Structure formats: structure tokens, C-alpha cells
Amino acid sequence: MKKVIAFLLVFILAASLTACVAKVPQETTGSQTAGTETQNANANETAKVDMSKRLKIEIMSFGPVTIDPDDGVLKYLGEKINADVSMTMVIYDKYTDALNLRIAAGTYPELFKTQIPGDMVTYSSLLLDKQIINITEYADKYGFENIKKHFTLPNIEAFKEPDGYYVLPNYTGPVGNALYVRQDWVEKLGLKQPEDTDQFKEFLRKMVEADPDGQKATGLTSAVGGLISNFSSIFTGISSGDWTKIDGKWTYIALLDEYKEMLAYFAGLFKEGLLDNELYLNTPNEVFKKMATGKAAVALENGLRGQMSQMEGPLLTYNPNAKLGIINWPKATGRDKVTITGGAGYFSGVHVPSKLDETTRARVLAMVDYILSEEGQIIISEGIEGVHYNTVNGQRVYVKDRYEKDFIGGEPHLVGALMTRAATSWRIETDERLLSNRRYVEEHAVFSNVIGLRSDKVTELTPVLNDVLEKWQMKFITGEANIETDWNLFVEEYNRSGYPEMVQEVEKFMNK
Amino acid sequence: MKKTTAGDVIIYTLFVIIGLIMLYPFWYTLVGSLMTYNEFINTVFVIFPKKITLESYIHIFKMGSIIEPMKTTIIITIFGTILSLAMTAYTAYGLSMQFKGRNWIMAFIVFTMIVKGGLIPEFVLYKNLGLVNTRLVYIIPFLINTFNLIIMRTSFMEFPVEIKESARIDGCNEFGVFFRFVLPLSKPVLVTILLFYAVQYWNTFFPSLFFVTDPEKKTLQDNLYRILANISDAEAAHSTTSVVFSENIKMANVIITTLPILVVYPFLQRYFIKGAMVGAIKG
């Protein structure tokens, strides 16, 4: 009996391996074919996209909502490229799993997102296995001018491979946080816009001491991640979580003297009750709640309409005379200019799988090219005349039901979030406070030096180093550890946890 | 009659307090869903809303994204539960009989409780069977739950042999024995398993997340997860998309998603307690 079972197990194992080996070459042929065809194309002439046959095109993206089956924008895009276009939305934190599942099963959507630069692992695997096409080749071959123009955006070279772009990155611009303030308190106390971090501290102190609503208000409230991310840039002059060269050697932001100064600054605020003592427990909803009920003077949150309205609406119920404002970011005392974290400037990007035939590849990219065009941008941000709105006496009259279903929350259509989310969203924003903050952030943003760092070692070390950093950050800010006397203990533990190997990885990556 | 002592009072008071603490999150969710967002955010400890409003519920149904998931969930719960109950009862009855190889079959079935194929093979299998993107993917692979099968089989094994034998003597064939005697006399275990299956189908989440892309065929739990997860911090920080669902809309979604299955319990409670005890002793 034992022999029979052993034989069965060996047979199953052999059959599985044979099946796997047989599958690999099939998946790599698409890219090779594309390369050959592109080489054959005349460099001076552009090929014409074959629109004869009706196709089915599925776009896979992430987001908290689903797309209505009768979506007007997708139908319109479909008519442009003679295809039935659908969009599969997966919730953000399950997206990589869902995508990997589709990839492993070989059922690729025709256009899909990856979470670059946050998740470079998936992108690297796709590239290595030749599962995605070189978009640059196709843009040249078919003359997709809007795609070509997209590849000239700032810092986009970070995603370029030696022979072109295999991803069309979604340009978001700098991270858009804002310092929301109780404007009525500012006016009542006659306070001025703080120019540097010392003045900002005084600004908070005056509001906390005055406590105009009598709710024992704290000075600054936020979730801890956003606080460190934004102020680390203010103090160090580089983007949050970034690296900089010191004496020719790449050094992580957390080991800079200026970073230490930032932690000392926060420890001071914390000690004096000017920083929310629930910093490590706050959720965005808690932050909204504190700001809307007189329990905080300043809140650091996303500088977006959704977040602002979640504070402003309840604040006006709580006190109809209250006002919500946004102040400009201060510079670090002693520095000559304001620096705001810009991050990579890109968040996610789209790919076209190499498994598709030539016609489908070209058709998908024709759609992408159209979305990137001026006309396409208007369609995805404002809608289609006759579908989403009608013009009556020169005024737009919206077809409420259709518009609300396709443009959820009055935001641009989600197909626009694939590659031009920021641009399309900001073009329809009307709130001057948010627009002014956005202009200020863009003017003072610093982008990352190291974008898309990836290797197996980096994947292994990053969570370990982050844990050590977060642990010590918390100790320093809350006063559990003394920044002056215990700083070396932190550095030692950081080094022991693999920092020198991480430096080597950065050196290797940047010298490539 | 036993006299109530001070100890009893303390114990009962303690239980009442613990009970209220347990119930409060549900009450908080229910009341929160009936408040305006502005009132909700300005209230620290919610007992009753100042003014009851259905605006969160109206908003949800107006958005329309809950209608199709609700239809799907109701369909799979009704049909899935009936089919699963039937399949489990047939299999359990068969396996409760004495025949050669019974233990081998049972071992194979139990094996599926311990070893799973994994998500990718599962996806490939469902795809090849044509189940992906259909409502059948919520039912067919989950027709028989091994745990429920074991409970039901144990219950059938405990069924008095004398009753079966007398039925056979009276001319009943095996189907007659099963349908006329075993099933009617096993109501508690059937109701218990029915409830288990109903809850299982009502809570269908992963198959919807991974095996269904058509928004019209998504389930309620998947829909709820989207709303509760909302936009992630990373996503929000890098975007301008402000699709933010307020807390009381989230709460209204929780109520819509949990209440229907919750109200079933009191009606089936008397069978459920009896049924849960069946098979608890002998395995």
C-alpha cells in the first residue's frame, strides 16, 4: 500500500512539473513577436491602428468603488476604439493579490495597474518574465503623440528601462497634505502666518493657551505617519523617506542631524501639550472629529476636498461662526527656504500585457493616448455632452443620475485615475483654500532622489529597519528616550538591523 | 423558591453590565447610522439620536451600488443553503451507514479540511469549469462543508436503529426511511446546519473578491469591505480622489449587511441549541 501511495505522489509531482515547464515559453512569445514587428517598422512612418474587429477590453485598477455597467465614459471610449470597454475595480489592499492571481492563471486584463513605486517587486517580475510590452516602441510605431509627451514629465526617467518605458506612470505631483487651522481662532487672537518652525510653535502655544472653545484643545493633531513624513522634509530639505549623499556616501534621511532636530522639536511640542498626545492612536476620522469639535487648533491631513468637507461640515454644525482655513507650511528655523515632501511624484502606473495580439495592444494604447489628449482630459473630468450634461442657454444642465453614477463624489472619472489623476482632479477643483495650498506645495516640493529602489535584499530589510525606526521615533517623541543621550543606541540598533547592507543596495541601484 | 442573595444581585448586575458592553457596539452602529454625520461627529457617547434620519440609508440606495450585491447575496443564500443542506444530508446519511471503505471515504473528506489546493489552482480550476464571473462560483465549490457533514453524519449515526428497522419491516425502502423517518426526526440538526450554511453564504467574501469581476455579481460583504476600507492613506496621499464615505454611511452599510441574517437567529434558536448539542459527544 505504501509503495502505491509513494508512486502516486511521485506521479502527481512529475505531472505538475511538466505542466509548469510547458506553460513558460507560451507566455514569453508575445513580447518577442512585438519586438520583431517593431524592428521591421519604418522609423519615419507610423503604422495605422487596425480598428476593424470589435474587441473586448478589460481595465483592472484599484479603488473603493465599482463601475456602473452602463458607464457613459467607458461606452464613449469603447466607441472611439471599436471595443466593449469594462473596468474591474479591486480594493487597494487586495489589489496585488488579485492581480497576481490573474497573472498566474494567465487571464490578464488588457490594461492593468501596478503599485509603483511602492511595489516594484511585481513590476520587476513582470519585466523579467517579459509579460508586459515596451510602450515606447508602440508609441513610436503608431505615433501616439500624447503618450510620447507623457514620457517627458519630470522625474519620469526613474521608471525607464534601457530600451524604453514598460509602464505608463500615473503622475500625481507632490504629496498633497495641508495644515488645516481654526481660522476664526487665528483671527480672534490676531495671529500671523508662521514663517518658520519656531513661529509655528508659538502659533500653536497661543491657541492652546487661549483655548477659545474651552474644550482643552491640543495644538497640532495628525496621524503620526503624515506628521513625520511632512516635517522630515521641512527639517532635512529632502523628500520623506529619501536618501541623500553625504561625503560621497548615500545616507538615509533618518540618520541625518536635521532629522534628529525634527524629533527634538516634536518631543518639545509633545512635552508642552502642543502636539496631540493621541498621535499614535489617531485615525483620519479621529483627526476630523477633533478639528470639528474645538479639540484641536491645527490638523495635518490630506489637502483634498473630501477630507476638508468631513471637517468643515460638522465644524459649522458645532459652531456656525467657526471658520476652517489652511496655513502655509513653515520652513525649519535656520533654513533659508521651505521644502515640502514631493515623494516620487508618481503613484501607480499602467501596463499592457505582452500576451495580447498586435491589434489589441495597439487598440489599448490608442485608448490610452486618447485619454491623455486634451479632449480626453475634458471627457474624463467633466463628462460628455448629451450623456452627462446638456447645454441650455449657455449653461450646463447635468443629467443628475448618469453624472452622479459615473463621476462619483463629483470627482473625475476613474479611468482618468489610471495615468493623470492629479491633473484631471485639480482642473475641476474650485475651493481657493485647497488650490492655494496645492500651488504652494508644488512650488516648494522636493522630489525623491532614489525612486523605485528594488531588490530581494531591500524587500527583506525594509520592514525590519522601519520597525526599529518607528520604535525609536515613538520613544524620542514621547520622552521615553532622551534624544541627546540615547541617539547612539538607536543608530547602533539601526546598524545591527541591516542598515549597512541597505546602503550597499542603494549604492548598487544608483550606480546601475 | 430560592431566596435571592446579595451575591446573586452582584452577579446579575455584573452580567447585565457585561451584556450592555457587548451590545453597545451594535447599538452604536445602529444609532450612528440613524444620525446625520454632523450630529454623529459632535457626539461622544451615543445613546439616542437627537433626530432620527434615514439619510444614510437613502444615500446608500440612491448610490445604487448595494442593490445588485444584495440581490446576488439573497439568491446565493437561498439556493446555496437549500442545495448544500440537501447534498450534506444525502452524503451524511450515506456515510452513516455501514459499508466497506466507509472510513477511507471519510478520511479523504476530512483530508480536504486540512490540505487546501491554494488560491491559484482554485482560480484555474474554476476558470476551466466556467465558474469564474458567474454566481455559481459562490455555490458549487462550497456545496458541502466538511465540518457540517461530520456533525450531520454523527447525528445520523446516533439515530435509533430500531426505528429504521421497523420502518423497513413496514415496507419502506431506504429512501422512504430517509425521507419519512430520519429527516423529520432530525429537525434540530437540520435547522442548525441550515443556519450554518445560511450564514456561510450570506458572508461570502473571498470568492467575490477574487473570482468575480462583474460588479453586478459581487456580494454584499465585498461591497461592505470596499466601503469600510475606503480610500487608503497611501492612495489618498498621492491623489486628489476624495471618495470618502462618512462614518455613518459606513455604519448604515454594516446594518444593512448584518441585520437580515441576525434576525433569523431568534426564530431558529430553540432548534439551534438542541442541534448544536447533537454530535457533541460521539464523533
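Numbers for the structure displayed
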{"item": "Test for A:Asp71: is it farther than 24 Å from B:Met63 by Cα and of a type in the set (Asp, Glu)", "result": "no"}
{"item": "Matching entry among B:Phe111, B:Phe99, B:Phe178, B:Phe156 (being open to solvent by 70 Å² or more (accessible area, probe 1.4 Å), assigned by TED's automatic domain parsing to the domain that holds B:Pro69, at pLDDT 90 or above and more than 30 Å from B:Phe210 (Cβ to Cβ))", "result": "B:Phe99"}
{"item": "B:Thr91, sole failed condition from (1) open to solvent by less than 10 Å² (accessible area, probe 1.4 Å); (2) over 18 Å from the mean Cα position of the chain (by Cα); (3) away from chain A (no Cβ under 14 Å)", "result": "(1)"}
{"item": "Positions within the range A:250-282 being part of a loop (DSSP other than H, G, I, E, B) and open to solvent by less than 40 Å² (accessible area, probe 1.4 Å), in sequence order", "result": "A:Leu256, A:Gly273, A:Leu274, A:Asp276, A:Leu279, A:Asn282"}
{"item": "Count of residues meeting criterion [open to solvent by less than 30 Å² (accessible area, probe 1.4 Å) and either touching a residue at least 40 places away in the same chain (Cβ under 8 Å) or closer than 19 Å to A:Glu58 by Cα (or both)] in the range A:118-141", "result": "11"}
{"item": "Identity of the residue in the range A:229-249, open to solvent by 20 Å² or more (accessible area, probe 1.4 Å) and in a strand (DSSP E or B), that ends up nearest to A:Asp467 (Cα to Cα)", "result": "A:Thr244"}
{"item": "Flag if A:Asp97 is in contact with a helix residue (DSSP H, G or I) (Cβ under 9 Å, 6 or more places away or on another chain), closer than 26 Å to B:Ile66 by Cβ and open to solvent by 40 Å² or more (accessible area, probe 1.4 Å)", "result": "yes"}
{"item": "Near pairs, Cβ below 6 angstrom, 6+ apart or cross-chain, from the range B:93-105 (closer than 19 Å to B:Pro184 by Cβ) to any residue that is among the basic types (Lys, Arg)", "result": "B:Ser96/B:Arg153"}
{"item": "Hits in the range B:201-218 - residues which are open to solvent by 20 Å² or more (accessible area, probe 1.4 Å) and without any contact (Cβ under 8 Å) to a residue 60 or more places away in the chain", "result": "B:Asn203, B:Phe205, B:Phe206"}
{"item": "Residues being over 22 Å from the mean Cα position of the chain (by Cα), outside any strand (DSSP E or B), more than 17 Å from A:Arg433 (Cα to Cα) and in contact (Cβ under 8 Å) with a residue 60 or more places away in the chain - total across the range A:287-313", "result": "4"}
{"item": "Scope the range A:280-306; condition at pLDDT 90 or above and under 25 Å from A:Trp472 (Cβ atoms); matching residues", "result": "A:Val287, A:Leu300"}
{"item": "Qualifying residue in the range B:37-46 (condition: touching a residue at least 12 places away in the same chain (Cβ under 8 Å) and within 26 Å of the chain's Cα centre (by Cα))", "result": "no"}
{"item": "Boolean, B:Gln221 is modelled with pLDDT of 85 or more, open to solvent by less than 70 Å² (accessible area, probe 1.4 Å) and within 14 Å of chain A (Cβ to nearest Cβ)", "result": "yes"}
{"item": "The range A:458-512: number of residues that are open to solvent by 60 Å² or more (accessible area, probe 1.4 Å), over 18 Å from A:Leu256 (Cβ atoms) and more than 30 Å from the chain's Cα centre (by Cα)", "result": "4"}
{"item": "Residue pairs meeting the criteria (Cβ under 6 Å; at least 6 apart or on separate chains; first closer than 15 Å to A:Tyr76 by Cα, in the range A:355-374; second surrounded by 20 or more Cβ atoms within 10 Å (Cβ to Cβ) and among the aromatic types (Phe, Trp, Tyr))", "result": "A:Asp369/A:Phe144"}
{"item": "Residue check for A:Ile81: within 13 Å of chain B (Cβ to nearest Cβ) and at pLDDT 85 or above", "result": "no"}
{"item": "Members of the range B:15-64 found to be hydrophobic (A, V, I, L, M, F, W, C), assigned to a helix (DSSP H, G or I), open to solvent by 50 Å² or more (accessible area, probe 1.4 Å) and more than 14 Å from chain A (Cβ to nearest Cβ), listed by number", "result": "B:Phe15, B:Val16, B:Ile17, B:Ile18, B:Leu20, B:Ile21, B:Met22, B:Leu23, B:Phe26, B:Trp27"}
{"item": "Qualifying residue in the range B:137-145 (condition: assigned by TED's automatic domain parsing to the domain that holds B:Tyr271 and closer than 20 Å to B:Arg102 by Cα)", "result": "yes"}
{"item": "Counted residues, the range A:161-176 - those being open to solvent by 10 Å² or more (accessible area, probe 1.4 Å) and hydrophobic (A, V, I, L, M, F, W, C)", "result": "1"}
{"item": "Count of the range A:314-333 residues which are free of Cβ contacts under 8 Å to residues at least 12 places away in the same chain and either under 24 Å from the mean Cα position of the chain (by Cα) or in a loop (DSSP other than H, G, I, E, B) (or both)", "result": "1"}
{"item": "Sole exception among (1) surrounded by 18 or more Cβ atoms within 10 Å (Cβ to Cβ); (2) in contact (Cβ under 8 Å) with a residue 40 or more places away in the chain for A:Glu429, by number", "result": "(1)"}
{"item": "Verdict on B:Leu149 being of a type in the set (A, V, I, L, M), under 26 Å from the mean Cα position of the chain (by Cα) and part of a helix (DSSP H, G or I)", "result": "yes"}
{"item": "Residues within the range B:3-37 that are in contact with a Phe, Trp or Tyr (Cβ under 8 Å, 6 or more places away or on another chain) and polar (S, T, N, Q), tallied", "result": "1"}
{"item": "Selection within the range B:114-125 - within 14 Å of another protein chain (Cβ to nearest Cβ) and either open to solvent by 40 Å² or more (accessible area, probe 1.4 Å) or not in a helix (DSSP H, G or I) (or both)", "result": "B:Val115, B:Gly117, B:Gly118, B:Leu119, B:Ile120, B:Pro121, B:Glu122, B:Val124, B:Leu125"}
{"item": "Restricting the range A:306-363 to residues that are open to solvent by 20 Å² or more (accessible area, probe 1.4 Å) and of a type in the set (S, T, N, Q), the residue that is farthest from the other protein chains (Cβ to nearest Cβ)", "result": "A:Thr333"}
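Condition check ((1) under 19 Å from A:Val49 (Cα atoms); (2) in a helix (DSSP H, G or I)) across all residues:
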residue	(1), (2)
A:Ser124	no, yes
A:Thr136	yes, yes
A:Ala139	yes, yes
A:Pro154	no, no
A:Ala158	no, yes
A:Pro174	no, no
A:Tyr180	no, no
A:Val186	no, yes
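The values are calculated or read from the model by the stated rules, or taken from the named source; none is laboratory data. Every value quoted in this text rests on a predicted model; they were computed, and no experiment measured them. Here Cβ is always computed from backbone atoms with ideal geometry, including for glycine, and neighbour counts include all displayed protein chains. When the accessible area is computed, the model is the full protein with side chains, heavy atoms only, and any ligands, DNA or RNA have been set aside. Shrake-Rupley method; radii C 1.70, N 1.55, O 1.52, S 1.80 Å.
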